[in-house]
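One structure is given below, encoded as C-alpha cells.
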There are 2 protein chains.
Amino acid sequence: MIRQFSQILLISLEKHIFINNLKYSTSALPRFSSEKYSIKRKNFGSLHDADLNYFRSLLSADRVITEESDVLPFNIDWIKNCRGQSKVVLKPKTTEEVSQILSYCNSKKLAVCPQGGNTGLVGGSVPVFDEIILHLGLMNKIISLDEISGALVCEAGCILENLDNHVREHNLIMPLDLGAKGSCHIGGNISTNAGGLRLLRYGNLHGSVLGIEAVKADGTIIDCLRTLKKDNTGYHLKHLFIGSEGTLGVVTKVAVHCPALPKAVTLGFFGVNCFENVLELYKSAKSSLGEILSAFEMADNGAISSTVENLKLSNPLGDFPFYVLIESSGSDEGHDNEKLNRFLTKEMETGHIIDGTVTSEPAKMRNIWNIRESIAGAGLVDGYVFKYDVSIPLQNYYDIVLLLRKRLGNKATRVYGYGHVGDGNIHINVTTPEYTKEVYEMLEPYIFEEVAKVRGSISAEHGVGFRKPQFIHYSKDETALHLMHGLKHFMDPNGILNPYKVLPD
Amino acid sequence: MIRQFSQILLISLEKHIFINNLKYSTSALPRFSSEKYSIKRKNFGSLHDADLNYFRSLLSADRVITEESDVLPFNIDWIKNCRGQSKVVLKPKTTEEVSQILSYCNSKKLAVCPQGGNTGLVGGSVPVFDEIILHLGLMNKIISLDEISGALVCEAGCILENLDNHVREHNLIMPLDLGAKGSCHIGGNISTNAGGLRLLRYGNLHGSVLGIEAVKADGTIIDCLRTLKKDNTGYHLKHLFIGSEGTLGVVTKVAVHCPALPKAVTLGFFGVNCFENVLELYKSAKSSLGEILSAFEMADNGAISSTVENLKLSNPLGDFPFYVLIESSGSDEGHDNEKLNRFLTKEMETGHIIDGTVTSEPAKMRNIWNIRESIAGAGLVDGYVFKYDVSIPLQNYYDIVLLLRKRLGNKATRVYGYGHVGDGNIHINVTTPEYTKEVYEMLEPYIFEEVAKVRGSISAEHGVGFRKPQFIHYSKDETALHLMHGLKHFMDPNGILNPYKVLPD
C-alpha cells in the first residue's frame, strides 16, 4: 500500500512538475481526516454488497473499484493532508450512468464524493468517511470545437492540458491555465471555479463558461449545455454549479469559450527591492502594456529560495527581496516588444526594476515559468506545508507575510508569499519539518482574522472544501450563509453530495 | 395624461438618442397588457389605504406616488407595447427601506414590480396588473472607486452613463455600454444581464460583477458586496440575481470591475457586398486586430436605410447590401493604426471591403456610432416595430432575416437585421404601420421555431420579461425550467416579485 501511495506524483498546483526521488518526513500515510479534525459521521446509509452488485450491473465490474490498495490513492489528497475511508470508486462513462448512480445513492441515502483530477488543496475532492467516490476520469471525450466562435464542448473528465493542446491546434487557447493542468479535469476546474495564471487577461470561469450539463443529487440531468455567448432566456442556472465544489450537482459536460491563441508571447523576470515597488510596477504595467498584459506575478525571496534550495532550480537573477514575472501576449511581436521595452527602460530608470531578463524563446520562458510554478511544490521538501490562498486589497497585500513571520519566529522553517498580484490573490506557505498542532493553532484562525479585517477572502481560488467550512464566516455574511444552506437543502435535500464540505454545520 | 405620456423620450436601446417631434400612429396610449395578451390576475392582495399610509410613514409622502398621471409613465414601457395598471410608485432611498417595503408586501401578499430606468424591451420593467412599482431611481449614490483594482461600488439606481463619466475621470471605463446608457440603471443592467457594445472585449456581467447586495422577497438583505476579483468562499450567490429580472430579489448595491480606459480608439465603417464577406471580415479582424478589437457590428441595408429615411441621418458611405462597424481600443495609437491599416489594405484587396471610412476624431466617431445606435429607434417612425433579439450560430446568423422577408412579403414595411456579430447576436426589426394580430401571428412563434432549429437563443440580451415566458421552452430544456420554478419558489414562496414575468405558468 505504501509503495503504491508513494507513486502518487506530486503535482504542483501552478503547473505540473514531477518531483522524483524526494525524501520527506510525511511520506507515511496521513491520518484519517475524521480523526485528525474530530469529525462525526453523518447519518448516511452504509454500503452493502447489494449496492456493489447494483453498481457492477450498471457499470461493469472493472469500473467498480473495491480493492483496498486500488482505492487508497482516491482517498488521499495530493498534499497528503486529508484521508478518507471510502470502500469504492465508481467510474461512469456517460451522463446517464452518473444520473443512475446518483438516483440510486439518493434513494439509499448513500453519500457521494465527486472527484476529478484530485488536485485540490482544501480536501474537497476526497471523502471524509465512507462516501462513494464518483470519479469522472473516463468521461474524457472532446465533443466539438467551433473555430470561429471559439466554443469548445467536452466531457467533464477531460484533462485541462489535453484540452489546451487540442484547441491550440485550432489557434485557440483555454481561458485558464494552472499548475495542475496535467492532471486536473475541466469539470473539477469549473466545480471549484479555478483561477490560475490567465485570469488577469481572460477573466474568471463565470465569464468563460458558456454552458454546463450537470446531474442533481436525485439523478435529474440539467441540460444547460448551450454554446452561445449571449443567452438571456431565464435564470442563469449554470452558475449554481460553478464554484459550489460538487455540493449542488455533478458537472458532466461543459462548453467553454476559448480565446484566440496569441501570436506573440514575451516573458520578463525582474528583481525588485521592496513590495512598494512591486505595486508601482503593477500600476505602470497596466498603463504601459494595457491589453497585452497577460500575467503579473510576484514571489518573495523566500519563495524563490525554496525552489533553488529544495528543488535545485537555478535562479537566472541575483538575490532580491522580491521578484516579479510579467507576461505579455499579443497579436504583433514588434508592437509588443516595443511596448515592453518602453516599459522596461522607464522602470529601470525609476529604479523599480533593479535587474531582470526578458525573453521570447519558448525554452527560456518555460524555465522562468517553471521557477514560479515550482514554488507550490518546493515547500513540501521541508517536511510539511501549511498553505493559504487569500485575496487581500493590494495596499495590504504583503502585510500578512510579515505578520506571520513575526508571529511564528523559529517555529517555522520558511514563511513566504507569492501569487497573482493582478488579481489581489496571494498564496502564503508556511513550512515546518512536520505537521504540529502548535503551529496549526498559531496560524488558524489568526490568518483568517487578519484577512477579515481588510475585507479580504479567506479562499481566493482554492475553495472551501473540507478544510475551511468552519472559517467561511470570516468572508461570508450570515444572511449569505443562510441562503447557501437553503440552496443546498433545495438542490440536495438528503445532503448526499460531497458532505462535510463547503457548508459549516 | 396623453400630453404627459408623449413627453416620454424615446430612448434607443443602443445609445440614448432623443427623437423629437416624431409623429407616428402609436402615439395613443397602448392597451393594457393584461387585455392585449389575455392574462389573468393572480391571487395577490389588493392595495388599501392602510398600505399607502404604511408606505407614507416609512418613506415620507413625496416618495409615495399615487396621482394617476404621475404613475402613468411608470406603467408603460418605452416601446409602448406594455401597459400596467399600478396605482402606486414607491421610491426608496436606502436598502433598509427596500427591505421594509418587501417585508411588508410579502406579509400582505402584495405583488411588486421592481423598476430601474424602464428601458427594457420585453415588458419586464412595468407591471401587468396593479403590482406596486418599486422604483430605484433615488438610490443613485456612488459609494467608492478603487483606482488600482478598478472596483466601483455604487447603489443600484445609478445611471450607467453617469457611472461611465465618473470612472473615466479616473482613467477607467464601465465594462458595458448600451444605447440606453443615458437612462438605464446599473441595477437594471445587472438584473437583466445587459450585453451591449463592449461585451466582445470585456465579457459579460457574470464576469465583471464583483459583488451584489440584494433584498429577497421576504425583506432579507443578502450582503455579497465584496470587491475582490477572486473569492471562492462558498456558493457564488450573486449570480442568482444577475439576469433573473427582479424575480428572485431586488438588487440594491453593486460592485463592478472597471477596465482601464483605452488610450487610443479608432472606428471604421465599411460597405460590404454580401453576408459571407461580413463573416470573412470578422475572422480576419479577430486575427489581425486581436486584443485591440473592441466592437464588430453589422447592419444590413434596410437597417441603415431606416435611419436615413426616417431620422434623416446622413450615411457617410454609398448604398451597400451590408455595413460593418469595427472599433479598436488600445494603449498605443501608432500600433493600433498600423494594425488597422494592415487589416484594411488586405481586406480592400480581397474585396471583402468595397468602400469605407476610418477615423479617430471623436466627433466623427460619434456620428458613425449614432447611425448604428439609431437603428433601434428609427423603425418606430414607420408606426409599429416588432423587435426580436436572438443568438444564432454565425454560419446561420443572417438566414432568419431572409426567411422573414419572404414570409411577410408586403405585410411589413421593413424587415431588417443588425447586431453584434462578435457575440452571435442579431436584432431583427419588422416594421408595420401599426400593430396587427395577423403580422404578430406570422412572426410568433415562427421566429422562435427557426431559432430553436439551430439551437440559438430566443433572447440573446433583452431577457424574457413579460413578453416571452410562453416561448422560453424554445431555448430552455424542461429540466432547466423545472429547476427555475423550484428556485423561484425557494427564493420567493409567495411569488410577489415581478409576477407574470420570466417563468411560464
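When the range A:320-377 is filtered for residues that are closer than 24 Å to A:Gly179 by Cβ, out of contact with any helix residue (DSSP H, G or I) (no Cβ under 9 Å at 6 or more places or on another chain) and open to solvent by less than 40 Å² (accessible area, probe 1.4 Å), the ones remaining, listed by number, are A:Met365, A:Ile368, A:Trp369.
Residue check: B:Ser288 meets all listed conditions (1) within 14 Å of chain A (Cβ to nearest Cβ); (2) assigned to a loop (DSSP other than H, G, I, E, B) but one, namely (2).
Within the range B:472-504, the only residue that satisfies the criterion of being more than 8 Å from chain A (Cβ to nearest Cβ), assigned to a helix (DSSP H, G or I) and either among the polar types (S, T, N, Q) or open to solvent by less than 20 Å² (accessible area, probe 1.4 Å) (or both) is B:Met491. The residue that is farthest from the other protein chains (Cβ to nearest Cβ), counting only those in the range B:173-183 that are assigned to a helix (DSSP H, G or I) and in contact with a Leu (Cβ under 7 Å, 6 or more places away or on another chain), is B:Lys181. Residues that are within 29 Å of B:Pro30 (Cα to Cα), surrounded by fewer than 21 Cβ atoms within 10 Å (Cβ to Cβ), assigned by TED's automatic domain parsing to the domain that holds B:Ser306 and among the β-branched types (Val, Ile, Thr) are absent from the range B:391-400. For first residues located in the range A:335-363 and closer than 25 Å to B:Arg342 by Cα and more than 14 Å from chain B (Cβ to nearest Cβ), partners that are buried (at least 20 other Cβ atoms within 10 Å of the Cβ) and not hydrophobic (A, V, I, L, M, F, W, C) and lie 6+ apart or on another chain with Cβ distances below 9 Å form the pairs A:Ser360/A:Thr266; A:Ser360/A:Asp336.
When B:Ile212, B:Ile242, B:Ile186, B:Ile190 are screened for being open to solvent by less than 10 Å² (accessible area, probe 1.4 Å) and facing another protein chain (nearest Cβ under 7 Å), only B:Ile242 passes. The single condition from (1) hydrophobic (A, V, I, L, M, F, W, C); (2) at pLDDT 95 or above; (3) under 24 Å from B:Gly422 (Cα atoms); (4) crowded, with 24+ Cβ neighbours inside 10 Å that B:Ile132 fails is (3). In this structure, B:Glu291 does not satisfy being closer than 29 Å to B:Gly150 by Cβ, in contact with a Leu (Cβ under 6 Å, 6 or more places away or on another chain) and either modelled with pLDDT of 95 or more or surrounded by 24 or more Cβ atoms within 10 Å (Cβ to Cβ) (or both).
Among the residues of the range B:252-260, is any at pLDDT below 95, farther than 26 Å from A:Asn232 by Cα and within 7 Å of chain A (Cβ to nearest Cβ)? Within the range B:252-260 (the criterion being at pLDDT below 95, farther than 26 Å from A:Asn232 by Cα and within 7 Å of chain A (Cβ to nearest Cβ)), the answer is yes, since at least one residue qualifies. Kindly indicate which of B:Ile428, B:Ile447 is surrounded by 15 or more Cβ atoms within 10 Å (Cβ to Cβ) and closer than 24 Å to B:Leu200 by Cβ. So the residue among B:Ile428, B:Ile447 that is surrounded by 15 or more Cβ atoms within 10 Å (Cβ to Cβ) and closer than 24 Å to B:Leu200 by Cβ is B:Ile428. Only a single item in (1) within 14 Å of chain A (Cβ to nearest Cβ); (2) closer than 30 Å to B:Glu131 by Cβ; (3) at pLDDT 95 or above is not met by B:Glu461, and it is number (3). Within the range B:239-285, the set of residues being among the small types (Gly, Ala, Ser) and over 23 Å from B:Ser144 (Cα atoms) comprises B:Gly243, B:Ser244, B:Gly246, B:Gly249, B:Ala264, B:Gly268, B:Gly271, B:Ser284, B:Ala285. Annotation note: of B:Gly123, B:Gly157, B:Gly219, the sole residue that is of a type in the set (Gly, Ala, Ser), in a loop (DSSP other than H, G, I, E, B), in the same structural domain as B:Lys42 (by TED's automatic domain parsing) and open to solvent by less than 20 Å² (accessible area, probe 1.4 Å) is B:Gly123.
Condition (residue is part of a loop (DSSP other than H, G, I, E, B), acidic (Asp, Glu) and under 30 Å from A:Leu394 (Cα atoms)) applied to the range A:243-262: is it met by at least one residue? Checked the range A:243-262: at least one residue is part of a loop (DSSP other than H, G, I, E, B), acidic (Asp, Glu) and under 30 Å from A:Leu394 (Cα atoms). Against the numbered list (1) buried (at least 19 other Cβ atoms within 10 Å of the Cβ); (2) over 21 Å from the mean Cα position of the chain (by Cα), B:Lys141 comes up short only at (1).
Is there a residue in the range A:435-444 that is open to solvent by 10 Å² or more (accessible area, probe 1.4 Å) and under 30 Å from A:Ser46 (Cα atoms)? No, because not a single residue in the range A:435-444 is open to solvent by 10 Å² or more (accessible area, probe 1.4 Å) and under 30 Å from A:Ser46 (Cα atoms).
Of all the residues in the range A:19-37, those that are loosely packed, with under 15 Cβ neighbours inside 10 Å, modelled with pLDDT of 95 or more and assigned to a loop (DSSP other than H, G, I, E, B) number 0.
Every residue, every condition in (1) assigned to a strand (DSSP E or B); (2) within 22 Å of B:Tyr323 (Cα to Cα), yes or no:
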{"residue": "B:Asn370", "(1), (2)": "no, yes"}
{"residue": "B:Glu373", "(1), (2)": "no, yes"}
{"residue": "B:Gly377", "(1), (2)": "no, yes"}
{"residue": "B:Val390", "(1), (2)": "yes, yes"}
{"residue": "B:Gly422", "(1), (2)": "no, yes"}
{"residue": "B:Val439", "(1), (2)": "no, no"}
{"residue": "B:Phe448", "(1), (2)": "no, no"}
{"residue": "B:Val451", "(1), (2)": "no, no"}
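For the range A:42-84, a residue qualifies if it is touching an Asp or Glu at 6+ places or on another chain (Cβ under 8 Å) and surrounded by fewer than 16 Cβ atoms within 10 Å (Cβ to Cβ), and exactly one does: A:Ser46. Scanning the range A:116-147 for residues that are in contact (Cβ under 8 Å) with a residue 60 or more places away in the chain and closer than 28 Å to A:His427 by Cβ yields a total of 15. Looking only at residues that are in a loop (DSSP other than H, G, I, E, B) and more than 7 Å from every other protein chain (Cβ to nearest Cβ) in the range A:193-209, which one is most open to solvent (accessible area, probe 1.4 Å)? By that ranking, first place goes to A:Arg198. For the range B:401-425, filtered to residues that are free of Cβ contacts under 8 Å to residues at least 60 places away in the same chain and of a type in the set (Lys, Arg), the residue that is most open to solvent (accessible area, probe 1.4 Å) is B:Lys406.
Here B:Leu279 meets each of (1) more than 7 Å from chain A (Cβ to nearest Cβ); (2) out of contact with any Gly (no Cβ under 6 Å at 6 or more places or on another chain); (3) not in a helix (DSSP H, G or I) with one exception, condition (3).
Just a yes or no: is a residue in the range A:454-469 free of Cβ contacts under 8 Å to residues at least 40 places away in the same chain, part of a helix (DSSP H, G or I), out of contact with any Ser or Thr (no Cβ under 8 Å at 6 or more places or on another chain) and open to solvent by 30 Å² or more (accessible area, probe 1.4 Å)? Within the range A:454-469 (the criterion being free of Cβ contacts under 8 Å to residues at least 40 places away in the same chain, part of a helix (DSSP H, G or I), out of contact with any Ser or Thr (no Cβ under 8 Å at 6 or more places or on another chain) and open to solvent by 30 Å² or more (accessible area, probe 1.4 Å)), the answer is no, since none of the residues qualifies. Condition check for B:Leu52 on (1) on the phi > 0 side of the Ramachandran plot; (2) in a helix (DSSP H, G or I); (3) not polar (S, T, N, Q): one failure, at (1). From the list A:Tyr384, A:Tyr418, A:Tyr397, the one residue that fits, being within 14 Å of chain B (Cβ to nearest Cβ) and touching a strand residue (DSSP E or B) at 6+ places or on another chain (Cβ under 7 Å), is A:Tyr397.
The values are calculated or read from the model by the stated rules, or taken from the named source; none is laboratory data. Here the structure is a predicted model, which means the values were calculated and not measured. Glycine also receives a Cβ, built like all others from the backbone with ideal geometry; neighbour counts cover every protein chain displayed. Ligands, DNA and RNA are excluded from the accessible area calculation, which covers all protein heavy atoms including side chains. Shrake-Rupley method; radii C 1.70, N 1.55, O 1.52, S 1.80 Å.
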